[in-house]
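A.B. asks: I have a structure here, written as structure tokens, and I will follow up with some questions on it.
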Amino acid sequence: MGSTAVRVAKVVALANQKGGVGKTTTAINLATAVAMLGKRVLLVDSDPQGNASSGLGVDVKKVRHHLYHCLVDGVAPAEAICEVAEVKNLSALPTHIDLIGVEVELISAAKRERYMERMIQPLLSDYDYIFIDCPPSLGLLTINALTAADAVLIPMQCEYFALEGLSQLVRTIRLVKNSYNPKLTVEGLLLTMYDRRNNLTHQVALEVKKHFNNQVYRTVIPRNVRLSECPSFGKPALLYDPRSTGAQSYLQLGREFLKNQRSSTGGE
Ligand code: ATP
Ligand code: MG
């Protein structure tokens, strides 16, 4: 592809209404890996908890604008986007706890599911990939992300109730696809916090693979203490401890992610 070609970003939402399954850890570290592999990447933090923003070292108390302003007040996203320190090609659109109000404020707005899609539209030519970190619910913010996305990546922890929650998520994806966004596909399921010594982990992984077969990433993310430490330093694992198994697993995931794009489009 020539350098003059217009980029059209692929938009990937990271969603699972179950809390604490590794959505944000994956958003931060996959976005970093894909940027380090040479792609221009934006991470949109669509969870009012703001963990993706702080995990990338953005101090939301100091930013003038954040996602809430872009979605609700019509502030241009360029006004809110910040570059991530030390990671070339990676930018973040940070959020703030105020975003929690969006779920209520937009409840009676016309086309309330399309606010994110409209906001992202003018950014599509600036990036190769736009990742959206979703909150742990299937509320309006997640519906907005799924409506704006080309694909959804589902991080899941290998534990007993994982599959139960998954069927609810699959129903929501189908609903969004049928009602608002026919192009939406499943990018892949990612097994996170994998513990090889734990028999239950192994059984759940087998079960997920039985149901979702080739949609499950070959790369699994092991439980790794470095991955849980690095957010408090505001750094992705690939900066905090690049040699750690956590950082290396996300780099491998980045490669697998990009390889899947080539095989699904016959080029990039
Ligand atoms: P929420 O639903 O609250 O947004 P989440 O799905 O985004 O949560 P994370 O915040 O990424 O999940 O992860 C939950 C916790 O588990 C965090 O403390 C994180 O640091 C830790 N964690 C995530 N992945 C791993 C891992 N592979 N190894 C060890 N700890 C991890
Ligand atoms: Mg999160």
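The values are calculated or read from the model by the stated rules, or taken from the named source; none is laboratory data. In this text, all values refer to a predicted model and were calculated from it rather than measured experimentally. Counting neighbours? That spans all protein chains shown, and the Cβs are built from the backbone with ideal geometry, glycine included.
A.B. asks: Determine whether the range 158-178 contains at least one residue that is closer than 24 Å to ALA33 by Cβ and under 13 Å from the mean Cα position of the chain (by Cα).
C.D. replies: No.
A.B. asks: Does VAL21 fit the bill of being within 11 Å of ligand 1 (Cβ to nearest atom) and buried (at least 18 other Cβ atoms within 10 Å of the Cβ)?
C.D. replies: In short, yes.
A.B. asks: Only one of these conditions is not met by ALA109: (1) farther than 21 Å from PRO136 by Cα; (2) at pLDDT below 95; (3) crowded, with 17+ Cβ neighbours inside 10 Å; (4) among the hydrophobic types (A, V, I, L, M, F, W, C). Which number is it?
C.D. replies: Going through (1) farther than 21 Å from PRO136 by Cα; (2) at pLDDT below 95; (3) crowded, with 17+ Cβ neighbours inside 10 Å; (4) among the hydrophobic types (A, V, I, L, M, F, W, C) one by one, ALA109 breaks only (3).
A.B. asks: Take the range 24-69 and flag every residue that is hydrophobic (A, V, I, L, M, F, W, C), part of a helix (DSSP H, G or I), surrounded by 24 or more Cβ atoms within 10 Å (Cβ to Cβ) and in contact with a Gly (Cβ under 8 Å, 6 or more places away or on another chain). Please lay out each step first, then the result.
C.D. replies: Taking the range 24-69 as the starting set, the residues that turn out to be hydrophobic (A, V, I, L, M, F, W, C) are 27-28, 30-31, 33-37, 41-44, 52, 56, 58, 60, 63, 67.
When the remaining residues are screened for being part of a helix (DSSP H, G or I), the result is 27-28, 30-31, 33-36, 52, 67.
Narrowing further to those that are surrounded by 24 or more Cβ atoms within 10 Å (Cβ to Cβ): 27-28, 30-31, 33-35, 52, 67.
Passing the criteria: ILE28, LEU30, ALA33, VAL34.
A.B. asks: With the requirement that a residue be touching a residue at least 40 places away in the same chain (Cβ under 8 Å) and either on the phi > 0 side of the Ramachandran plot or in a loop (DSSP other than H, G, I, E, B) (or both), what does the range 85-101 give you?
C.D. replies: GLU86, VAL87, LYS88, ASN89, PRO94, THR95, HIS96
A.B. asks: Could you grab me the full set of residues in the range 35-58 that are more than 16 Å from ligand 1 (Cβ to nearest atom) and either under 12 Å from the mean Cα position of the chain (by Cα) or without any contact (Cβ under 8 Å) to a residue 12 or more places away in the chain (or both)?
C.D. replies: Hits for the range 35-58 are VAL41, LEU42.
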